[in-house]
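The values are calculated or read from the model by the stated rules, or taken from the named source; none is laboratory data. Only a predicted model underlies this, so the values are computations on that prediction, with no experimental measurement involved. Heads up, the Cβs are rebuilt from the backbone with ideal geometry, glycines too, and the neighbour counts pull from every protein chain shown.
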Amino acid sequence: MNTERRYSIILENRAEILLENATMEQVEAFWDANDTRYFGLRMEDELSAHARVIVTDEIPEEEEIGDVFVGKTGIL
């Protein structure tokens with residue numbers, strides 16, 4: 001019996017499923033291809049057989065991007 005954990009990536013503000021029933025390798029490939037477009041917020045049901053990764057396409061108020069820190073008032 002296959003007990004590999006599966007993941008779905010969901011865009012929070014539109015409840016859009018970006019990746020469904022994926023392996024960790026598929027999740028990693030998704031992040032490699034989209035790491036400047038989406039930002040991870042949280043993981044739900046991370047201990048279950050099917051975890052949900054909630055992401056946003058809006059830059060969080062305090063997000064570090066490389067050597068640049070983005071705060072409430074813009075790039076610092």
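Numbers at a glance
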{"quantity": "Subset of segment 22-47 that is part of a loop (DSSP other than H, G, I, E, B) and in contact (Cβ under 8 Å) with a residue 12 or more places away in the chain - its residue that is surrounded by the fewest Cβ atoms within 10 Å (Cβ to Cβ)", "calculated": "R37"}
{"quantity": "Selection from segment 1-31 of residues that are more than 17 Å from E44 (Cα to Cα) and in contact with a strand residue (DSSP E or B) (Cβ under 7 Å, 6 or more places away or on another chain)", "calculated": "Q26, F30"}
{"quantity": "Subset of segment 1-21 (residues that are among the charged types (D, E, K, R) and either part of a strand (DSSP E or B) or out of contact with any helix residue (DSSP H, G or I) (no Cβ under 9 Å at 6 or more places or on another chain) (or both))", "calculated": "R6, E12, R14, E16, E20"}
{"quantity": "Hits in segment 1-21 (condition: of a type outside the set (S, T, N, Q) and either under 23 Å from E58 (Cβ atoms) or in contact with a Gly (Cβ under 6 Å, 6 or more places away or on another chain) (or both))", "calculated": "Y7, I9, I10, L11, E12, R14, A15, E16, I17, L18, L19, E20"}
{"quantity": "Conditions (1) part of a loop (DSSP other than H, G, I, E, B); (2) modelled with pLDDT of 85 or more; (3) within 18 Å of N13 (Cα to Cα); number of the one not met by E61", "calculated": "(2)"}
{"quantity": "Residue satisfying all of: in segment 48-58; in a loop (DSSP other than H, G, I, E, B) and modelled with pLDDT of 90 or more; nearest to R6 (Cα to Cα) among these", "calculated": "A49"}
